[in-house]
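The values are calculated or read from the model by the stated rules, or taken from the named source; none is laboratory data. Source: prediction; values computed, not measured. Cβ atoms come from the backbone with ideal geometry, glycine included; neighbour counts cover every protein chain shown.
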Amino acid sequence: MSLEKNKLYRFPWSLNDNPIGWVEITDLCNIQCKGCYRQRVEGHKSLEEIKEEVLFMKQWRNIDNVSLAGGEPLIHPDIIDIVDFINRQGIKPFILTNGKRLNRELLIELKRAGLAGLSFHIDMQQIRKGWTGKSEIELNELRQHYADLVWEVGDIPCGFSITVFRQNFNDIPELIRWALSNKGKVQSFTFITYRGALIDGMEYSVGDTRVKLNFDSLGYVTDDAPEDISIKSTDVYRVIKSQFPEYEASAYLGGTQTHTSFKWLANLTICCEDQMLGSISPITMELGQTFHHLLYGTYVVKLRGVRMGKKIFLLAPIDRQIRSALGRLLRKPWWLFKPVYSLGIGIVQAPDVLPDGRVDMCDSCPDMTYFEGRLVNSCRLDEYRKYGELITPTPSEEVVMELAH
C-alpha cells in the first residue's frame with residue numbers, strides 16, 4: 001500500500017499553464033464549515049470585477065476551466081451571467097457549492113448558461129440547518145438529494161467532497177460505496193485533509209511585525225491538538241486501498257518544501273454496477289493530459305458532459321491496469337450488457353506548517369487565485385486580504401527547545 005513517486009505521473013502543470021482558474025466571486029456564505037479559509041471582508045464582487053479576473057486567468061494561466069468558489073457562489077445575484085460569460089470565453093464553468101441555494105429552476109438556468117459541472121461540499125462538521133450533528137453516513141441522504149436533482153436535469157457532471165477529520169476518517173470507504181451505488185450519477189469524490197494554523201506552539205509575524213492570531217483573525221486558526229490536523233493524503237490512500245484493492249492512484253502533485261509529500265493524488269476508476277473493476281494507469285493519465293494539450297492547447301481536470309463507457313477498454317493493449325479491469329468484467333459476462341462508468345477519487349493534503357515554521361504548499365498549485373494583479377494561493381488569500389502579505393510562522397521558544405532535545 002505504499003506510494004512511489006517514480007511510478008506515478010507527475011502532472012506537468014505550472015504557474016502559467018494550469019487547467020484551473022480559481023475565481024472567488026463572494027466571501028459571503030449561508031452555512032459554517034470548520035476550518036473554512038474564507039472570512040467575510042468584501043461581500044459580493046461586481047460582475048465587472050469577476051470578468052476581469054476570468055480574463056486575467058485566461059491570459060496568464062492558460063486555463064481549461066474556471067472553478068467558481070467563495071463563500072457560497074450560488075448566492076451571488078449575478079451567478080447566471082457569470083456562468084454565461086465564462087462559457088462564452090470557451091472556458092468550462094464549474095461551481096463549488098454547499099448546495100443549500102440550489103433548486104431545480106436555478107439548475108436549469110445554470111445549464112442553459114453553459115454550466116459544465118457542480119461539486120458539492122457536504123461534511124459532518126458543517127453548521128447547516130436541519131443537518132447539524134448528523135454523522136457522515138446520515139448525510140448521504142442529503143448527498144443523494146443533490147445527486148438525484150442534477151441527474152434529473154441531465155448532462156451536468158456532479159461530484160462531492162468532504163474535509164477529512166479524525167471523526168470521519170473511517171467513513172471514507174462507506175462514502176465511496178455510496179458513490180458507487182449511484183452508478184454514474186456521481187462522477188467524483190474528493191477528500192481534503194483538515195489543516196489549521198495552531199494557536200499554541202507557533203508565533204506569527206508579517207515582515208518584522210508580530211501578529212496575534214485568534215479565531216477572529218483567520219478562519220483556519222485552530223486550538224486542535226497537532227495530531228488532529230496531521231492526517232496525510234497517504235493515510236487516506238491506504239484506507240481506500242484496504243477496502244478497494246482495485247483502486248490505484250495514477251498522478252500526483254508534490255509539495256514545495258517536503259520531497260516526500262503527496263499534495264494531490266488523482267485517480268480514475270472503471271466501474272460497473274456498484275463495483276470497481278480497476279483504475280487507469282499513469283500512462284493513460286499522461287496520454288490524456290498530453291493529447292488534450294496538443295488538441296485544445298490546455299491541460300485538463302474536468303471534462304464537459306463526457307461519459308467514459310466501454311470505449312476505455314480500447315486502451316487495454318497499452319494499459320495493464322485497464323486490461324485487468326476488462327478481465328474482471330469478462331468474468332461476469334452478463335455485465336457486458338451493463339453500463340460502464342467512471343468515478344474519479346481525488347485526495348488533497350492541505351498546506352502543512354512544518355516544525356521549523358516552513359509551510360509546505362502544493363507544487364504548481366492548481367487553486368491559485370487573483371489578488372491585486374497577481375496570482376496567490378487561494379487557501380491563504382485571507383492573509384493577503386487582511387495583512388497585505390503572507391504570515392510567517394516561527395516555532396515558539398518552548399517548541400525550539402523541545403526540537404533541540
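Numbers below:
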read-out: Checklist (1) on the phi < 0 side of the Ramachandran plot; (2) out of contact with any Leu (no Cβ under 7 Å at 6 or more places or on another chain) applied to Glu273, failing item; value: (1)
read-out: Top-ranked residue in the stretch 1-35 [being among the hydroxyl-bearing types (Ser, Thr, Tyr) and in a loop (DSSP other than H, G, I, E, B); ranked as surrounded by the fewest Cβ atoms within 10 Å (Cβ to Cβ)]; value: Ser2
read-out: Filter pass, Gly357 being exposed (fewer than 14 other Cβ atoms within 10 Å of the Cβ) and either in contact with an Asp or Glu (Cβ under 7 Å, 6 or more places away or on another chain) or modelled with pLDDT under 95 (or both); value: no
read-out: Which listed residue is more than 22 Å from Val239 (Cα to Cα) and either without any contact (Cβ under 8 Å) to a residue 40 or more places away in the chain or hydrophobic (A, V, I, L, M, F, W, C) (or both), from Asp148, Asp171, Asp155; value: Asp148
read-out: Matching residues, the stretch 291-333, being under 28 Å from the mean Cα position of the chain (by Cα) and loosely packed, with under 14 Cβ neighbours inside 10 Å; value: Phe291, Leu294, Leu295, Tyr296, Gly297, Gly305, Val306, Gly309, Lys311, Arg320
read-out: Unique match (being more than 20 Å from the chain's Cα centre (by Cα), of a type outside the set (Gly, Ala, Ser) and closer than 30 Å to Leu277 by Cβ) among Glu246, Glu227, Glu203; value: Glu246
read-out: Every pair of residues 6+ apart whose Cβ atoms lie under 9 Å, when the first sits in the stretch 14-33 and is over 22 Å from Ile86 (Cα atoms) and touching a residue at least 60 places away in the same chain (Cβ under 8 Å) while the second is buried (at least 24 other Cβ atoms within 10 Å of the Cβ) and hydrophobic (A, V, I, L, M, F, W, C); value: Asn30/Leu74
read-out: Which numbered condition Phe56 fails, given (1) under 29 Å from Ile283 (Cα atoms); (2) out of contact with any Pro (no Cβ under 8 Å at 6 or more places or on another chain); value: (1)
read-out: Enumeration of residues in the stretch 64-89 that are among the aliphatic types (A, V, I, L, M) and closer than 19 Å to Cys379 by Cα; value: Val66, Leu68, Ala69
read-out: Index of the failed condition, Glu4 passing every other in (1) free of Cβ contacts under 8 Å to residues at least 24 places away in the same chain; (2) among the acidic types (Asp, Glu); (3) more than 25 Å from Thr290 (Cβ to Cβ); value: (3)
read-out: Residues within the stretch 360-381 that are surrounded by 15 or more Cβ atoms within 10 Å (Cβ to Cβ) and on the phi > 0 side of the Ramachandran plot, tallied; value: 1
read-out: Residue in the stretch 201-218 that is under 18 Å from Cys379 (Cβ atoms), buried (at least 20 other Cβ atoms within 10 Å of the Cβ) and out of contact with any Leu (no Cβ under 8 Å at 6 or more places or on another chain) present; value: yes
read-out: The stretch 108-126 residues that are farther than 13 Å from Val66 by Cβ, paired with ones that are basic (Lys, Arg) and surrounded by fewer than 22 Cβ atoms within 10 Å (Cβ to Cβ) (beta carbon under 6 Å, 6 or more apart); value: Gln125/Lys34
read-out: Whichever residue in the stretch 139-183 is among the aromatic types (Phe, Trp, Tyr) and within 19 Å of Ile240 (Cβ to Cβ) and, among such residues, is surrounded by the most Cβ atoms within 10 Å (Cβ to Cβ); value: Phe160
read-out: Output for the stretch 139-164, where each listed residue is assigned to a loop (DSSP other than H, G, I, E, B) and closer than 20 Å to Tyr341 by Cα; value: Gly154, Asp155, Ile156, Pro157
read-out: Residue check for Tyr384: surrounded by fewer than 18 Cβ atoms within 10 Å (Cβ to Cβ) and in contact with a Phe, Trp or Tyr (Cβ under 7 Å, 6 or more places away or on another chain); value: yes
